[in-house]
Amino acid sequence: MEQILHNRRAILLLVGPALLVYSSVVLLPVVWSLVYTFFEGNVIGGFHFVGLQNYRQLLSDAAFWQALTFTLKYAVTVTAGQILLGLLLALLYVFYLRRASALVRTLVFFPVVLPTVAVAQLFAKIFAIAPQYGLVNAGLALLHLDGWIQAWLGQGSTAFWVLALMDIWRAMGFYAVLLYAGLVEIPAELIEAARVDGASGLRLVWHVVLPLLLPILLSALIFSINGTLKVFDSVLALTGGGPGQATTPLTLYMFNTAFSYGQYGYGSTLAMALAVLSLLVTVMIFGSARRDVA
Amino acid sequence: MMRSDVAARSSRPAPAPGFTRVPRWPPRGQRSRQPRRRSHLRWLRRLPVRLLLVLLLVIEVYPLLWLLLSSLKEDAEFSLKPLWALPAGLYWQNYVEAWTTGNIGLYFLNSVLTVFPALALILVLSVPAGFALEVMRWRGRNFVLLLFLAGIMVPLQILLLPLFTIYFRLDLIDTRWALIVTYTGFGLPLTVFLMAGYFKAIPRELLEAAILDGAGLAQVFFRVAVPLVSNGLVTVALVQFFFLWNDLLFSLTFISSDQLRTIQTGLLNFTGQYGQVAWGPTFAAVSLAVFPTLLLYLLLNQRVIKGLTAGALKG
């Protein structure tokens, strides 16, 4: 039996093809990308070595800092919204709806599976101003709040909030289910014991439920922030990064640098900066959590 | 008033015994004998939550309903009537226009022709890999598993330029192969990782018994192990389907001709061309992109939810 499970040729046959495809499509490009950060050029014009030039450019590039600021602002806002609303929904499912929550869970999860481009298109129409008012502006007109009617997607400040709203709407059902699964796992006896001791309502949630939920909350936080730091589809489909550069995140700036201006070296440097950023944030969350627990 | 209020508060069931298996107090029979006023009070107390629920459902469902209704309106209706009015009739012409003139039909076919081959490849590659990583005994097993795990974290953007260079050299830019290969490689890490988890859940004695009974490795794999993880197989396939079907970035990068666009890039392009003026066909096109996914989700929702959240926790 041991012989069968140690069969090297079989192991190679089983795991080899997957490892080969994975290495050439994912691992090799990661290393390749790192090499690109020391070069400049593109596939058509050829490449030349520039040393650390791309990294120096990064530090003095105003557009990079603007994109970074937008990315961080967006990531913090949307992650906070997703986790907070997800948590509230999960508490609602567990404490108020109980067994009857399956239908609501399913409905609120709806938008998670929808194609981003389609959702963005829908939101663009809801917040439209031309050629005619969308749902929001038409509703404001009906309520005679004419002063509020505006080009929601045509100005950086409001476009940011529409974008954030859309991505929170899209994902809150996902985090609700994730946290719900964590809440159901908490032993009923623990909650009951806390109740007997006189804890209820907010105090119960804050002092008993949340600490027990912490590991799942942490996973959700890391998953969410890693997704929002890499936002691309929603931005491209809803605002195209505009007006001007106002809603351009790092990902879109990288994409434009590489494919509109043909700068693969600087594009790779931007991608690398993004990867380092997500890694840093993840490690930071882990680190602060460990301190809390200890 | 004060007194009865206090009494009501002390005798009502604990506000939130939501956790399963919590004994209800007071038991149902007793509660029904309470005076009517208290049940009114109860109803009032629950009102905010009920309103919140209704609001929640409106926020989740109304946009989609509005989308569906709008897709059946003639263009003139958008400017002449309120946006929330019901369509005057069923104007299917929008769908015809989106599907044929707007090329949505073609984009749909392209998506099917890239996503399903990639999905098949992912499964064919990752099921044996998961088996080897979890059931077989060899040195370096944990290292390889870790290698796959690292891939889950890699941002897509890092892969873009090197892959573009490779495909450009191999003359694969603007072909379906570029997408199929990328989708496969990119879908592998999570799928391998989840499959390994499913194989781990099989009791080892079961596999050992099969071997003792004289089964070869192929028989153990095909006759015992794979049937036991078939449930998990469907789940990971579903998860990957949603990821790949909704892909925008790769399709945008590797495909340039309109003839090969997938549904997401096609829709992006479509709304760029028609979006400003023709709302009817645009809504129809968006509906065509949304409702098949929605239908699949409605049929298999519990499985989809479980699969997608499992991916998040493991990753």
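Placing a label point 7 Å from the Cα of residue A:144 along the Cα-to-Cβ direction, no residue of the range B:76-112 has a backbone N closer than 15 Å.
Computed over the alpha-carbon pairs of the range B:153-276, the distance histogram in 10 Å steps reads 11, 30, 24, 19, 12, 3, 1 percent, short to long.
Averaging the sequence gap over all C-alpha pairs within less than 8 Å and six or more residues apart, then dividing by the number of residues, gives the range B:103-314 a relative contact order of 32 percent.
Lys-Lys pairs in the protein assembly as shown that are eight or more residues apart or on separate chains and whose Cα atoms lie under 15 Å of each other come to 5. Peptide B:189-199 has a mean shielding of 1, counted as Cβ atoms of other protein chains within 10 Å of each residue's Cβ.
Remark: mean inter-chain Cβ contacts per residue of A:221-227 equal 2, using a 10 Å Cβ-Cβ cutoff to other protein chain atoms.
What is the dipole size for chain A, taken about its Cα centre, with +1 at each Lys and Arg Cβ and -1 at each Asp and Glu Cβ, in debye to the nearest 20? Don't jump to the answer; show the numbers that get you there.
Numbers: 14 positive and 11 negative charges, 46 e Å.
The calculation lands at about 220 debye.
Judged by the gyration tensor of its Cα atoms, with axes a ≥ b ≥ c, the protein assembly as shown is oblate; a/c meets the 1.5 cut and b/c is at least as large as a/b.
Dipole check for the range B:176-254: with +1 at the C-beta of Lys and Arg, -1 at the C-beta of Asp and Glu, and the Cα centre as origin, the magnitude is about 140 Debye.
For the range B:212-226, putting each phi into the Karplus relation 6.51 cos²θ - 1.76 cosθ + 1.60 with θ = phi - 60° gives couplings of 4, 6, x, 6, x, 4, 4, 5, 4, 5, 7, 8, 10, 5, 4 Hz, in residue order, rounded to whole numbers and with x for Gly and Pro.
Quote the charge dipole size of the range B:103-314 about the Cα centre in Debye, to the nearest 20; the model charges only the Cβ of Lys and Arg (+1) and of Asp and Glu (-1). Write down the numbers at each step before the final one.
Values: 12 positive and 8 negative charges, 83 e Å.
Around 400 debye, computed over the range B:103-314.
Annotation: peptides B:113-120, B:220-227, A:97-104, B:238-245, ranked by per-residue average of other Cβ atoms within 10 Å with the highest first, follow the order B:238-245, B:113-120, B:220-227, A:97-104.
Multiplying the residue separation of residue A:206 and residue A:158 by 0.36 nm and subtracting their alpha-carbon distance yields 14.0 nm.
Phi-derived couplings, Karplus 6.51 cos²θ - 1.76 cosθ + 1.60 at θ = phi - 60°, listed residue by residue for the range B:139-151: 6, x, 4, 5, 5, 5, 4, 5, 4, 5, 4, 4, x Hz, with x used for Gly and Pro. Does the range B:132-223 classify as rounded, prolate or oblate by the C-alpha gyration tensor (a ≥ b ≥ c root eigenvalues; a/c under 1.5 gives rounded; else a/b over b/c gives prolate, otherwise oblate)? Since a/c reaches 1.5 and a/b is larger than b/c, the shape of the range B:132-223 is classed as prolate. For the range A:251-294 versus the range A:20-67, the inter-centroid distance based on Cα atoms is 13 Å. Rounded to the nearest whole Hz, the Karplus-based 3J(HN,Hα) values (6.51 cos²θ - 1.76 cosθ + 1.60, θ = phi - 60°) of the range A:222-234 follow the sequence 5, 4, 5, 5, 5, x, 6, 5, 9, 4, 9, 3, 4, with x at glycine and proline. For a quick check, take a GNM of chain A with Cα springs below 10 Å and name the residue from A:259, A:109, A:70 with the largest mean-square fluctuation. Highest fluctuation among the options: A:259. The local environment of residue A:281, defined by Cβ-Cβ distances under 14 Å, has a net charge of +2 under the rule Lys, Arg +1 and Asp, Glu -1. Helical content of the protein assembly as shown, expressed as a calculated mean residue ellipticity at 222 nm, amounts to -22500 deg cm²/dmol (DSSP H runs of 4 or more residues, -39,500 (n - 2.57) each, divided by residue number, nearest 500).
Taking the centroid of alpha carbons for each part, the range A:142-187 and the range B:215-261 are 31 Å apart.
For the range A:55-293, what class follows from the C-alpha gyration tensor (a ≥ b ≥ c being the square roots of its eigenvalues): rounded when a/c is under 1.5, otherwise prolate if a/b is larger than b/c, else oblate? Oblate, because a/c is 1.5 or more while a/b does not exceed b/c.
Model label sites at residue A:28 and residue A:13, defined 7 Å from Cα along the beta-carbon direction, differ in position by 2.5 nm.
R0 = 51 Å: FRET efficiency of residue A:132 with residue B:171, Cβ-based, nearest 0.05? List each step's numbers first, then the result.
Details: r = 47 Å, r/R0 = 0.92.
E(calc), rounded to 0.05, equals 0.65.
Of the residues A:139, B:78, B:127, the one whose Cα sits farthest towards the positive end of the charge dipole of the protein assembly as shown is A:139 (charges of +1 on Lys and Arg Cβ, -1 on Asp and Glu Cβ, taken about the Cα centre).
Kindly state, to the nearest 0.05, the FRET efficiency for residue A:107 paired with residue A:186, given R0 = 25 Å and r defined as their beta-carbon distance.
Numbers: r = 24 Å, r/R0 = 0.98.
That gives a FRET efficiency of 0.55.
Across A:171, A:130, A:75, mean-square fluctuation computed from a Gaussian network of chain A (C-alpha pairs under 10 Å connected) peaks at A:130. Amide H contacts of residue A:39 (H built 1.01 Å from N, in plane; Pro and chain starts excluded): A:50 sit under 5 Å, all sequence-distant by 5 or more or on other chains.
Over the range A:55-293, calculate the relative contact order: mean separation of alpha carbon pairs under 8 Å at least 6 apart, over the residue count, as a percent. Can you show the working numbers first?
Working: 244 pairs, mean separation 68.7, N = 239.
RCO, the range A:55-293: 29 percent.
Note on B:279, A:161: ascending count of other Cβ atoms within 10 Å places them as A:161, B:279, the fewest first. Considering only A:57, A:87, A:150, and ranking their Cα positions along the charge dipole of chain A that arises from unit charges at the beta-carbon of Lys, Arg, Asp and Glu, the one farthest toward the positive end is A:87. Label separation (residue B:303 vs residue A:59): 5.5 nm, computed from points 7 Å beyond Cα along the C-beta direction. Annotation: the residues B:182, A:71, A:158, sorted from fewest to most other C-beta atoms within 10 Å of their own C-beta, follow the order A:158, A:71, B:182.
Readers should treat all values here as calculations from the given coordinates under stated rules, not as data from a laboratory. In this text, all values refer to a predicted model and were calculated from it rather than measured experimentally. Here the Cβ is made from the backbone with ideal geometry for all residues, glycine too, and neighbour counts use every protein chain on show.
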